Amino acid sequence: MNKKLIDILTQDLTPTQPLYSPLRRSFSFGIFLILFFAPLIGFISGYRESLSQELLHPKVLLEIFLIITSFSFLLLASFKSVIPGEDLKVYIFSGFFFLFSYFLVLLFFYINPYEHSFIHAHNHQCATHLYLFSAIAQCTLLYFLNKGVAMFSYKTSLLSSLSVSLLSLMLMNFTCMFDYNHILKHHFISFLIISLILTLLSSIFFKIQIRCEGEKL
């Protein structure tokens with residue numbers, strides 16, 4: 001009796017391939033983004049000549065650590081957010097904690113006059129490039145997230161937008177001279193703006209997706 005009932009209820013269903021775990025998917029996608037966008041940004045924007053030396057400086061390593069850690073937690077949370085019943089509190093708190101810590105580091109070096117560069121050889125199109133790379137990365141991420149069921153469209157949109165924009169922010173920081181005045185005003189503010197824009201656009205995308213899924217039922 002149970003088997004017949006199961007057959008009746010599942011006769012219209014089609015078999016699907018199970019998704020990998022959110023940890024595996026986020027790790028694979030993060031590696032893909034870094035390997036793809038690092039050469040692309042270097043080709044279009046060009047990394048600064050002193051980058052190899054500055055990467056050995058403790059303050060630069062601290063900033064990279066904070067960005068990568070925040071990016072990892074937010075990206076993992078975005079993949080987990082499309083799975084019903086997943087608890088995201090720890091991942092969201094950790095992602096925002098390291099993001100806020102990075103902002104405090106920028107603010108500290110911005111206030112410190114000895115950290116300002118007197119050589120203003122900046123890439124003046126860095127904000128535009130940050131918008132472009134973040135948008136491309138977000139479209140790629142939405143393709144992978146679309147394989148799940150977005151139960152929290154706003155939350156998924158915010159987490160995914162912040163994660164890809166953070167990675168673009170870090171890579172764009174490598175293209176300009178290390179002037180914290182420029183990075184805070186042009187890079188970080190541009191990061192906040194593009195994150196907001198991508199969150200709104202992604203929310204619309206997920207709303208359309210959920211509506212289409214509802215019409216199929």
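Structure summary
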{"read-out": "Per-region count, region 36-61, residues within 15 Å of Leu141 (Cβ to Cβ) and either among the aliphatic types (A, V, I, L, M) or at pLDDT 80 or above (or both)", "value": "1"}
{"read-out": "Flag if Phe174 is at pLDDT 85 or above and among the aromatic types (Phe, Trp, Tyr)", "value": "no"}
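Residue-by-condition table, conditions (1) modelled with pLDDT of 80 or more; (2) farther than 20 Å from Ser160 by Cβ; (3) loosely packed, with under 15 Cβ neighbours inside 10 Å:
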{"site": "Leu75", "(1), (2), (3)": "yes, no, no"}
{"site": "Ser81", "(1), (2), (3)": "yes, no, no"}
{"site": "Tyr91", "(1), (2), (3)": "yes, no, no"}
{"site": "Phe98", "(1), (2), (3)": "yes, no, no"}
{"site": "Ser101", "(1), (2), (3)": "yes, yes, no"}
{"site": "Phe108", "(1), (2), (3)": "yes, yes, yes"}
{"site": "Ile111", "(1), (2), (3)": "no, yes, yes"}
{"site": "Tyr114", "(1), (2), (3)": "no, yes, yes"}
{"site": "His120", "(1), (2), (3)": "no, yes, yes"}
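Matching residues to (1) of a type in the set (Asp, Glu); (2) under 11 Å from the mean Cα position of the chain (by Cα); (3) surrounded by fewer than 24 Cβ atoms within 10 Å (Cβ to Cβ); (4) at pLDDT below 80:
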site: Lys155; (1), (2), (3), (4): no, no, yes, no
site: Ser160; (1), (2), (3), (4): no, yes, no, no
site: Ser165; (1), (2), (3), (4): no, yes, no, no
site: Ser168; (1), (2), (3), (4): no, yes, no, no
site: Tyr180; (1), (2), (3), (4): no, no, yes, yes
site: Leu184; (1), (2), (3), (4): no, no, yes, no
site: Ile189; (1), (2), (3), (4): no, no, yes, no
site: Leu200; (1), (2), (3), (4): no, no, yes, no
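The values are calculated or read from the model by the stated rules, or taken from the named source; none is laboratory data. This structure is a prediction, so every number in the text was calculated from the model and none was measured. Reconstructed Cβ throughout: ideal geometry from the backbone, glycine too, with neighbour counts over all protein chains shown.
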